Amino acid sequence: MNFFEDFAVGRVFRHATPRTLTTGDAAAYIALTGARHVVHCAEPVAKALGHRACPLDDFLVFNVAFGKTVPDISYNAIANLGYADVRFTAPVYAGDTLACESSVIGLKQNSNGRSGVVYVKSVARNQDGHAVLSWIRWVMVARGAEGAAPATKVPPLPAEVPAASLAVPQFLRAQALSTEATGGSRQWDDYAPGEVIDHPGRMVVEEADHMAATRLYQNPARVHFDANNDFGKRLVYGGHVISVCRALSHDGLENAFAVVAIHGGSHANPTFGGDTLACRHVVAAREELPGRRDVGVLRLRMLGVKDEPLARLPAVAPGEKHPAVVLDLDYSVLIPRRQ
Amino acid sequence: MNFFEDFAVGRVFRHATPRTLTTGDAAAYIALTGARHVVHCAEPVAKALGHRACPLDDFLVFNVAFGKTVPDISYNAIANLGYADVRFTAPVYAGDTLACESSVIGLKQNSNGRSGVVYVKSVARNQDGHAVLSWIRWVMVARGAEGAAPATKVPPLPAEVPAASLAVPQFLRAQALSTEATGGSRQWDDYAPGEVIDHPGRMVVEEADHMAATRLYQNPARVHFDANNDFGKRLVYGGHVISVCRALSHDGLENAFAVVAIHGGSHANPTFGGDTLACRHVVAAREELPGRRDVGVLRLRMLGVKDEPLARLPAVAPGEKHPAVVLDLDYSVLIPRRQ
Amino acid sequence: MNFFEDFAVGRVFRHATPRTLTTGDAAAYIALTGARHVVHCAEPVAKALGHRACPLDDFLVFNVAFGKTVPDISYNAIANLGYADVRFTAPVYAGDTLACESSVIGLKQNSNGRSGVVYVKSVARNQDGHAVLSWIRWVMVARGAEGAAPATKVPPLPAEVPAASLAVPQFLRAQALSTEATGGSRQWDDYAPGEVIDHPGRMVVEEADHMAATRLYQNPARVHFDANNDFGKRLVYGGHVISVCRALSHDGLENAFAVVAIHGGSHANPTFGGDTLACRHVVAAREELPGRRDVGVLRLRMLGVKDEPLARLPAVAPGEKHPAVVLDLDYSVLIPRRQ
């Protein structure tokens, strides 16, 4: 539970409480988010693609890994400012144990001297030491005591994870993904850059839902559990908003079977218990993967929208803020290509 | 997400997102419903009966199977009108994968021309292609566009699943069900037709509970998650009401270890978050099974009652509506016989 | 569902619905409580200590075992008065089945003749018949009918479980507990009797949370699910308060890897949905274990505190009541010793 002055560039944190994920976590994740992407919940479908079992939902993995970093990095964070270079590098299965570490890669004290921005690069590894997820994030952290500002270092923040560098499993047989099993017929070829998809579902977020999800991820940040904060109420953990939006987006992105990268994103407005979430996607780009004709990449912009009917939401330009938009995520998914 | 005009008699839907059920789902089901029937939660008891492991709770199976049909059949349904000929034909175990399909067996456009009734027969099969559950239901579905009415076809709707046609596993050793393990001493012989059982428990349904249960079943019908509907609030999924009533009925029907058929039923009034549910059973009949002296069938009428103390609820005649009755289900269970 | 007159000293109850616990229950427990003690959630850490898999959280075991006794002992209890001699005697793993029995060891009718205190000794055994947990509790139970008072017998209630009699597994390699994995550096030697630890987290208890937890434990006591009682609202099950406090206490007691005994305790005030819980520990004693230099015992006093910032809570003397204190538990944990 560090303050700004406790961070130094190069400091490494081996985060506590590694976690063995189980089919119990997968079931709880479905109950808490409504996730339906079939590769994560139907073993025969997963095996047809070459997996040895159902891989756990990518955002379950992300949220558990993220949660591990909170006690050291962001327990007392004022704000989670951004993500970059998030790479999903290997599937995680029930029975795998995740352990995480983070390195401080940048520091910048705010001019008021009372807080500063900490940049960390984190990695989650499985029990074999294999990286399954890596990411950069930066957070604003309060100073605990007065003192000299550290040398400012702002690290390079990649604007994207290039498609050519994405980790796509060699074993993957993307063509085996049955559109009957996914419930959607649209493949990589059928999405056009600029296309807007307003997903039909909407979901009220209950206090009990977001707290249970955040506890499932063992993320102990107080602001999610205790109303004694600047909002005067509990703040919904941003990763829960991402998970709910991913779940809502099933209907319209049925074949987007794996998340492979997050290029950047922000929790543009707070979400609170009682808010009703909806999700819009904008197709940013369609990209090929080197050496593969069976599967391509869709680069997507996920907008999490609260309380506003999507039909009334105008186009929101990249970088633009809209009061109803709580999540603006730039990420990429794998999706089969037409043969 | 079909409208009335998208259905045609004979059309077959192979529903998306098959689901591998796990012990995680079984645990979530217990947490969300309070289920306590022991064959589903104590492996030694299940094995004594001849099962290879704990069979999953019958209504967990029912609700997951039902949920699979929603996107194609009832995503935009105005009302779920009824069930018939529901047969539980084989146990489902953790690790089994359910896939569902439905055939349209009847259509009847309403005289206002804006909606119609769709009759479907659905079946859920496990990974071996073996049917584990089949059912008929009919729903009122809106028209999406004007057009000619299809030919009316109202299929035969069996008034009951005859006891002689029930699927009782050959391997079943019903006499091995220990009344010490179930906590109840009453067996088939001890229930008399006409007997009324007012179960002692009551349970408030929280919004978070019914939404989590409905998400666990991957049932995405909007009315359960979004208050933007004719009720102005979220409607509790009827299957959750059934599950809660089945759980409440443990105390009084401890030895009713398996649900084998639903003859019919209706969600007679809506249930909303904050309602307090209680359950009354009326014993309709005691039936023998051909060739078996060890186990018999109780045909039961399950009344789900909201907010009204059972002691104040009058007798409700079959077919009669009472404002406190939210569920009126005609179904059959297996229960050991005295030797 | 017995009344006071149904109990007799020496009567034995073999409680119904034994339960096979699974990794699903472990995941649900984490989601409902926020438990983070690493031996229960990271298999490599558990195996390093000599376990064959992650042992289930001690209070998950306690709450499930306790729940089994409710239908026979305390379904209609007026109050749960106290615990004594609670011993955690063997680890429980996913796949184990717990069955419980209780013996009546004391009775004392209240002078008003309308209720009485029932003392029971309970034990939970696994599928091999091995005791994993035993405990004494006493509850106030209403009379159902008038009648003569039974002979008063108040059993001896041990003030503590002596450290020398604690069950510490032979196989346990406590020194293998990595402080990197637990996230805390403090060991047995570093805690001083009298030390006060105000744990940093706080958690609002939602109605949906405590009901789901209580259902997970298959504890059907009505007062937790139905507002129709003397409080006019649902009472949070005391075992949920214990579990939440144990989870909150992770930060400050990271290496306290196992609960071995509860010497006594009381639910000093009721907890209701919407209350915000915090946890204070007071170190009561540091005790050695015969024949072991690797691991010691901390005897702790756990105070569960509602709605009051810990910084404002005065010292509460043992036996003293404070309106904000809802839980006052005297218990012991295992923790590695410095070499």
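The values are calculated or read from the model by the stated rules, or taken from the named source; none is laboratory data. Note that this is a predicted model, so its numbers are computed, not measured. Glycine also receives a Cβ, built like all others from the backbone with ideal geometry; neighbour counts cover every protein chain displayed. Ligands, DNA and RNA are excluded from the accessible area calculation, which covers all protein heavy atoms including side chains. Shrake-Rupley method; radii C 1.70, N 1.55, O 1.52, S 1.80 Å.
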Check your understanding: Can you list, shortest first and in nm, the gaps between the label point of residue B:130 and those of its counterparts in the other copies, using a point 7 Å from Cα in the C-beta direction?
Key -> 3.4, 3.4
Review point. Could you give the angle, 0 to 90 degrees to the nearest 10, between helix A:23-33's Cα long axis and the longest principal axis of the Cα atoms of chain A?
Key: 80
Exercise for review: Output the lone cysteines of the protein assembly as shown: those with no second cysteine's C-beta under 4.7 Å from their C-beta.
Suggested key: A:41, A:54, A:100, B:41, B:54, B:100, C:41, C:54, C:100
Check your understanding: So which residue, out of B:69, B:17, B:214, gets the largest mean-square fluctuation from a GNM of chain B using Cα contacts under 10 Å as springs?
Key -> B:17
Check your understanding: Where does the charge balance sit around residue A:187 when Lys and Arg score +1, Asp and Glu -1, over other residues with C-beta under 13 Å from its C-beta?
Key -> +1
Check your understanding: Ordering A:61, B:154 by how much accessible area each has at a 1.4 Å probe, largest first, what is the list?
Key -> B:154, A:61
Check your understanding: Given q = 0.04, 0.05, 0.06 Å⁻¹, what are the Debye log10 I(q)/I(0) values for the protein assembly as shown, with equal point scatterers placed on the Cα positions and solvent ignored?
Key -> -0.19, -0.30, -0.44
Check your understanding: To the nearest 0.05, what FRET efficiency results for residue C:128 and residue A:312 with a Förster distance of 60 Å applied to their C-beta separation?
Key -> 0.45
Study note, to complete from the structure: Ordered by number, the residues of the stretch C:26-67 with at least 30 Å² less accessible area in the assembly than alone (1.4 Å probe) are C:27, C:30, C:31, C:36, C:41, C:44
Practice item. Report, in debye and to the nearest 20, how large the dipole of the protein assembly as shown comes out about its Cα centre when Lys and Arg carry +1 and Asp and Glu carry -1 on their Cβ. Key: 880
Check your understanding: Percent relative contact order of chain A, based on C-alpha pairs within less than 8 angstrom and at least six residues apart?
Key -> 20
Review point. Can you give the relative contact order of the stretch A:6-75 as a percent, counting alpha carbon pairs under 8 Å and 6+ residues apart?
Key: 32
Review point. What percent does the relative contact order of the stretch B:99-240 come to when contacts are Cα pairs within less than 8 Å and at least six residues apart?
Key: 15
Check your understanding: If the cut-off is 16 Å between C-alpha atoms, which lysines fall inside it for residue B:108, apart from same-chain ones fewer than 8 positions away?
Key -> B:121, B:153
Check your understanding: Round to a whole number: what % of the accessible area of the protein assembly as shown belongs to carbon and sulfur, probe 1.4 Å?
Key -> 52
Point to revise | With Cα atoms, 0 to 90° folded angle of helix A:238-248 axis to chain A main axis | key: 10
Review point. Can you give the three extents of the C-alpha atoms in the stretch C:1-156 along their principal axes, from longest to shortest, in whole Å?
Key: 59, 28, 25
Revision key, fill the gap. When the charge dipole of the protein assembly as shown is computed with +1 on Lys and Arg Cβ and -1 on Asp and Glu Cβ about the Cα centre, the Cα farthest towards its positive end, among A:302, B:154, A:177, belongs to A:177
Revision key, fill the gap. Rounded to the nearest 100 Å², the accessible area hidden between C and B, summed over both chains at a 1.4 Å probe radius, is 2300
Revision key, fill the gap. The long-range amide H neighbours of residue C:296, using H built 1.01 Å from N in the peptide plane and a cut-off of under 5 Å, are C:335, C:337
Check your understanding: What does the charge dipole of the stretch A:74-181 about its Cα centre add up to, to the nearest 20 debye, if the Cβ of each Lys and Arg holds +1 and the Cβ of each Asp and Glu holds -1?
Key -> 380
Point to revise | Nearby lysines by direct alpha-carbon distance to residue C:233 (threshold 24 angstrom, same-chain neighbours under 8 apart not counted) | key: A:233, B:233, B:306, C:68, C:306, C:321
Practice item. Using the heavy atoms of the protein chains and a 1.4 angstrom probe, tell me the accessible area per residue for chain A in square angstrom. Key: 33
